[in-house]
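Below: one structure, written as structure tokens.
The values are calculated or read from the model by the stated rules, or taken from the named source; none is laboratory data. A quick note: this is a predicted structure, and the numbers were derived from the prediction, not measured. A quick note on method: Cβ atoms are made from the backbone with ideal geometry, for glycine too, and the neighbour counts reach across all protein chains shown. Note: accessible area is taken over every heavy atom of the protein model, side chains too, but ligands, DNA and RNA are not part of it. Shrake-Rupley method; radii C 1.70, N 1.55, O 1.52, S 1.80 Å.
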Amino acid sequence: DVLITLGGASMGTADRVKAVLSERGFELDFWRVKMRPGSPFSFGHLPRDGRQPVAVCGLPGNPASAFVTFLVLVRPFLLALAGREDRHLPTSAARTGSQLPTHPERTQFVRVRLGRDEDGGWVTQPTGPQGSGLVQSVAAAEALAVVPAGPSELEAGSAVRILHLYGRAGQREAGYKDRSDGSA
């Protein structure tokens with residue numbers, strides 16, 4: 001029902017995914033989203049003989065970009081197709097523990113670790129350099145801080161929304177594992 005591709009869909013001559021899909025009648029609905037990492041995400045449909053077309057989600061090739069676009073865009077789509085109502089990662093309000101970058105035109109999804117302040121609220125700290133090709137920042141992340149597009153960086157102590165990567169808050173510390181009962 002769904003084809004998920006990884007990389008190879010940019011404009012370079014060595015990027016063959018787009019060409020191969022086009023040869024098979026691929027219909028592109030959109031290419032590029034205003035998010036970082038993950039801007040070169042694409043979505044479209046591939047026709048099938050006598051059957052409903054296959055949805056095609058084209059993930060960027062860089063690891064952090066693929067990770068973020070899968071969690072933010074593809075995972076909810078797959079869960080919706082499966083009839084699930086709990087499609088999105090759990091969110092919480094937090095404060096930034098340090099300055100976070102912004103982009104003038106794109107929402108940033110900053111990989112962060114979480115701590116608690118003296119009142120028990122969440123405080124974010126970036127997991128290190130945020131380049132889209134860096135895997136270590138993904139491995140260390142407990143959440144994504146959602147930083148809206150804007151002209152200036154978010155100062156330490158600013159309010160920010162976070163997407164918890166491990167289900168309900170705190171499950172990583174408690175030995176989080178994916179559960180088939182839908183509570184993960």
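Just a few scattered comments:
- Portion, in percent, of the accessible area of the chain that falls on carbon or sulfur, probe 1.4 Å: 51 percent
- Within-13-Å neighbourhood charge of V110 [Cβ basis; K, R +1; D, E -1]: +3
- Per residue solvent-accessible surface (Å²) - the stretch 11-101, probe of 1.4 Å: 56 Å²
- Heavy-atom accessible area order for W122, W31, largest first, 1.4 Å probe: W31, W122
- Figure legend: label point modelled 7 angstrom from the Cα of D15 along Cα→Cβ; residues of the stretch 54-76 with amide N under 20 Å from it are 56-74.
- The Cα-based radius of gyration of the stretch 70-173, divided by its Kirkwood radius, gives an Rg/Rh of 0.98.
- Environment charge at D1 (Cβ cut-off 14 Å; Lys +1, Arg +1, Asp -1, Glu -1): +2
- Top positive-direction residue, dipole computed over the chain with Cβ charges, set A66, T124, V110: A66
- Shape index of the chain: Rg/Rh, with Rg the Cα radius of gyration and Rh the Kirkwood radius from the inverse mean 1/r over Cα pairs, equals 1.01.
- Cα gyration tensor, the stretch 1-99 - rounded (a/c under 1.5), prolate or oblate: oblate
- With the simple model of a label 7 Å out from the Cα in the direction of the Cβ, E23 to A156 spans 5.5 nm.
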